[in-house]
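Before any comments, here is the structure.
The values are calculated or read from the model by the stated rules, or taken from the named source; none is laboratory data. Values in this document were obtained by computation on a predicted structure and should not be read as measured data. Methodologically, a virtual Cβ is constructed for each residue, glycine included, from the backbone with ideal geometry; neighbour enumeration extends over all protein chains shown.
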Number of protein chains: 2
Amino acid sequence: MVPHTTETVIAIDAMGGDHAPAHVIEGAFQALHTATRRFRVLLVGRREALEPELGRVAPERALDWEIVDAPQVIEMGEPPNEALKSKKDSSIAVGLRLVRDSKAGAFVSAGNTGAVLSASTLILGRLPGVGRPTIGTLFPTAGAPCLVLDAGASVDCRPRHLFEFGAMGAAYMTTVRGLARPRIGLLNVGEEEGKGNEATQEAYRLFRASPLEFVGNVEGRDILGGTVDVVVCDGFVGNIILKFGESVPAFLKARFKEFARQSLRGRLIGLVARSALRSVLRDLDYQHHGGVPLLGVNGISIIGHGGSTPLAFMNMIFRAEELVRKELPAVIQQQLQSAHA
Amino acid sequence: MVPHTTETVIAIDAMGGDHAPAHVIEGAFQALHTATRRFRVLLVGRREALEPELGRVAPERALDWEIVDAPQVIEMGEPPNEALKSKKDSSIAVGLRLVRDSKAGAFVSAGNTGAVLSASTLILGRLPGVGRPTIGTLFPTAGAPCLVLDAGASVDCRPRHLFEFGAMGAAYMTTVRGLARPRIGLLNVGEEEGKGNEATQEAYRLFRASPLEFVGNVEGRDILGGTVDVVVCDGFVGNIILKFGESVPAFLKARFKEFARQSLRGRLIGLVARSALRSVLRDLDYQHHGGVPLLGVNGISIIGHGGSTPLAFMNMIFRAEELVRKELPAVIQQQLQSAHA
């Protein structure tokens, strides 16, 4: 351990994810090795669970990290709100308090998503003017990725919430992709203005009346079609689309296998095509996106997929560092103020 | 033309679809050639538009068909309800009246979906006990296809409607796939009972209390995953998933092209892989499913995709004949009665 060399400190939930703490620690050290002294990493978790794992990664060089002991663990399957009440010193709560108390610039977790969502809102608080914090997910397109939000934080949404999701999503895309005016689409069953349910109809009017770059209603095909930068929907629809999309690679792999089984020619083609398929399907894979932040809370909290690999954890840490540097919460707050104006 | 040789008569909207009447007529004659004298086809549309096209298919053998003149045409983009009011003699209205008046056993159309949906309910009427007729869409899985409904007929649904969709979808899967007890899943954001919005929570209770084979909540990944035979959702979610799914092949093709562009090796692999990709993506293509019927109306009305090919029209006619033979409306009515018991 070396003294604190930079101002950027990232707290990571060392107990969160299907392969925690091994994958978390591996990813954290990959990040530290790759970008020495650009940031400090706080490994938040049960010290006695972390220390044996740390022996395995045995950092050769002096890297900037520290264990922050959190004696409790919220398991993946636990009901979030009860777990947060009964486990005040979980790695999730301890990590988020580090952000609240300005001891870390960001918190990263691949743990129980519901618990991270709730705890982030409870501990960090909401930004002024935010009704519901939201989490998005990045979908690949033929060009630049498309941010779909809400991806599951808010199942029942009012029009005002949908509008805020759009404004916050646009602020995020401006921050990480440098887009001056991200194009926002409202996910609907048709492009005409009167389409959809009551919530989407009213949200349409709110977007139209705002200074945001609103292109109107978009359909399911526009997500992968890349016609907009931000797609707004409630968390019920967003979560279903997210999980449907995640299931496409496994479906295609099974179909390719079936194709290859049918003939010798098929087997040969299958062998050759495998690498192309792998490369193409990788884009549909969440692990390469490196997690997305919860938008609308007063701090930076990045939520990763439970199945995150060391590579995914490394990418999440890099994303966290970038968002700290670019002061994401301040950008969002500013965007919300001008969107409401 | 030969005299009416069988009792099964299929009326087809010759003016419906992006390539009408050419593709409709081609598909109809392919069906008649393939299954001579199994059914009679009524080509419903503007006689002067159909006759020149009929010259091109020039049936060699005596086939069992007839033109039923319908002087008006509802265009694809017209607002359905206004079009139905102002065009009482559209091919859609005339064709459905043939079914209502027992002059045809089924109506098949790839025309304006909204107009076919509304006209089917208005002209054929609902089956007793049906709050909302519904339309489903078949998704491929590694095994047997999965019926997702509602696919867009009802955007805002009450729990009772979702329950009826499940019962009617199960009756359909029993009819066409011979499944004794189709497994029904309720599309939701998690598998636990308390998940989702108010409508899904109450629908869950209705399914649980029924004699249907209800497996509980399912997630977006279960559609392609093939864990159930019928997936129930409202038409807002269903339509978005349907269109998202339809956009996957184009996305993958673009990605494969990009992969092939990157290197000589990539180009070679791309050439070889193309046939495998085509075969695999064909399953994701709506055209091979041959349309799905509107469930819950007092008659058989099959709605196809606007882009239907001659092959798709042929398949729709075969599906129509099968559903007439198996008396789909009676099966649905029986299923609804026992589901409510």
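Evaluated against (1) more than 12 Å from chain B (Cβ to nearest Cβ); (2) modelled with pLDDT under 95, A:Leu295 falls short on exactly one condition, (2).
Condition check for A:Met314 on (1) within 17 Å of A:Pro133 (Cβ to Cβ); (2) assigned to a helix (DSSP H, G or I): one failure, at (1).
Return yes when B:Phe139 is on the phi < 0 side of the Ramachandran plot, touching a residue at least 40 places away in the same chain (Cβ under 8 Å), in contact with a strand residue (DSSP E or B) (Cβ under 7 Å, 6 or more places away or on another chain) and within 14 Å of another protein chain (Cβ to nearest Cβ) and no when it is not. For B:Phe139, the condition - on the phi < 0 side of the Ramachandran plot, touching a residue at least 40 places away in the same chain (Cβ under 8 Å), in contact with a strand residue (DSSP E or B) (Cβ under 7 Å, 6 or more places away or on another chain) and within 14 Å of another protein chain (Cβ to nearest Cβ) - is met. Scanning the stretch B:68-83 for residues that are surrounded by 17 or more Cβ atoms within 10 Å (Cβ to Cβ) and in contact with an Asp or Glu (Cβ under 9 Å, 6 or more places away or on another chain) gives B:Ala70, B:Gln72, B:Ala83. Residue-level check: of (1) of a type in the set (A, V, I, L, M, F, W, C); (2) at pLDDT below 95; (3) crowded, with 24+ Cβ neighbours inside 10 Å, A:Met15 misses just (2).
Does B:Ala203 satisfy the condition of being more than 25 Å from A:Leu242 (Cα to Cα), among the small types (Gly, Ala, Ser) and crowded, with 19+ Cβ neighbours inside 10 Å? Judged against the criteria, B:Ala203 is not a match.
Scan the stretch B:250-271 and give yes if some residue there is farther than 16 Å from A:Pro140 by Cβ and β-branched (Val, Ile, Thr), otherwise no. Yes, the stretch B:250-271 contains a residue that is farther than 16 Å from A:Pro140 by Cβ and β-branched (Val, Ile, Thr). Scanning the stretch B:223-253 for residues that are buried (at least 22 other Cβ atoms within 10 Å of the Cβ) and acidic (Asp, Glu) yields a total of 2. If you go through the stretch A:183-199 and keep only what is in contact with a strand residue (DSSP E or B) (Cβ under 8 Å, 6 or more places away or on another chain) and surrounded by fewer than 23 Cβ atoms within 10 Å (Cβ to Cβ), you end up with A:Arg183, A:Gly190, A:Glu191, A:Glu192, A:Glu193, A:Lys195, A:Gly196. The condition of being within 7 Å of chain B (Cβ to nearest Cβ) and either among the hydroxyl-bearing types (Ser, Thr, Tyr) or over 23 Å from the mean Cα position of the chain (by Cα) (or both) holds for A:Ala276. With respect to A:Ser275, is the statement that it is over 26 Å from A:Ile135 (Cβ atoms) and free of Cβ contacts under 8 Å to residues at least 60 places away in the same chain true? Yes; evaluated as a whole, the condition is true for this residue. Annotation: B:Phe259 fulfils all but one of (1) within 14 Å of chain A (Cβ to nearest Cβ); (2) buried (at least 18 other Cβ atoms within 10 Å of the Cβ); (3) part of a helix (DSSP H, G or I); (4) touching a Lys or Arg at 6+ places or on another chain (Cβ under 8 Å); the unmet one is (4). The stretch B:1-115 holds strands (runs of 3 or more DSSP E) entirely within its bounds, and those carrying 1 or more residues that are closer than 26 Å to B:Leu127 by Cα and of a type outside the set (Gly, Ala, Ser) map to B:9-13, B:40-45, B:106-109.
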